[in-house]
Amino acid sequence: MSAARSKARKRAFQILFESDHRGVDPQGVLADWIRRGREPKPDEGVPQVGEYTMQLVEGYAQHAARIDELISGYAVGWTLDRMPIADRNILRLGAYELIWEDDVPDAVVLDEAVEIAKEFSTDESPAFVNGLLGRLKELKPSLRR
């Protein structure tokens with residue numbers, strides 16, 4: 001696990017979280033973060049957005065409907081809108097990376113998602129995230145459409 005990739009995932013999660021929380025397009029939030037990070041006096045609260053963060057956010061946005069369909073289909077006892085907002089967006093990011101980013105080992109995707117859940121969500125979240133992404137990992141060959 002590279003520290004740079006871990007940071008990129010965390011930033012991508014924060015962008016998806018903000019987008020979901022505000023009810024706006026993730027690519028719009030991404031563009032806003034990039035713009036604010038490039039201002040002559042960058043906003044202290046806005047971290048720099050790197051290449052992999054952009055790749056993750058844009059990749060999720062491209063496959064958002066399919067990803068939400070998968071999460072809804074395999075989250076036993078939870079509807080997408082009843083999930084904690086952090087969990088929903090950790091799962092979205094993890095599902096995108098697991099299914100569409102072939103250069104990242106599945107184990108790394110799961111470990112990183114669990115770490116983000118430990119940092120940003122509830123005590124039950126790491127197990128929930130790990131279980132659902134683990135199920136998607138098993139079904140991965142049949143999930144891309």
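Inside the range 1-25, can you point out the residues that are free of Cβ contacts under 8 Å to residues at least 60 places away in the same chain, more than 18 Å from P84 (Cα to Cα) and not in a helix (DSSP H, G or I)?
Of everything in the range 1-25, those that are free of Cβ contacts under 8 Å to residues at least 60 places away in the same chain, more than 18 Å from P84 (Cα to Cα) and not in a helix (DSSP H, G or I) turn out to be S2, D25.
Quick check on my filter: what residues within the range 87-138 are among the aliphatic types (A, V, I, L, M) and either open to solvent by 40 Å² or more (accessible area, probe 1.4 Å) or not in a helix (DSSP H, G or I) (or both)?
Of everything in the range 87-138, those that are among the aliphatic types (A, V, I, L, M) and either open to solvent by 40 Å² or more (accessible area, probe 1.4 Å) or not in a helix (DSSP H, G or I) (or both) turn out to be V104, A107, A127.
So, in the range 85-118, of the ones that are farther than 11 Å from R9 by Cβ and acidic (D, E), which residue ends up nearest to the chain's Cα centre (by Cα)?
D87
Go through the range 24-80 and give me each residue that's of a type in the set (F, W, Y), closer than 21 Å to K140 by Cβ and open to solvent by less than 30 Å² (accessible area, probe 1.4 Å).
Within the range 24-80, Y52, Y60 meet the criteria.
Hey, any hits in the range 39-59 for a residue that's basic (K, R) and at pLDDT 95 or above?
no
So which residues in the range 26-56 are touching a helix residue (DSSP H, G or I) at 6+ places or on another chain (Cβ under 8 Å), free of Cβ contacts under 8 Å to residues at least 40 places away in the same chain and of a type in the set (G, A, S), if there are any at all?
Once the filter is applied, which keeps residues that are touching a helix residue (DSSP H, G or I) at 6+ places or on another chain (Cβ under 8 Å), free of Cβ contacts under 8 Å to residues at least 40 places away in the same chain and of a type in the set (G, A, S), the range 26-56 yields only G28.
The values are calculated or read from the model by the stated rules, or taken from the named source; none is laboratory data. Note that the structure is predicted; figures quoted are calculated from it, not measured. All Cβ positions, even for glycine, are placed from backbone atoms using ideal geometry, and neighbour counts span all protein chains on display. All accessible areas refer to the heavy atoms of the entire protein, side chains included, with ligands and DNA or RNA removed. Shrake-Rupley method; radii C 1.70, N 1.55, O 1.52, S 1.80 Å.
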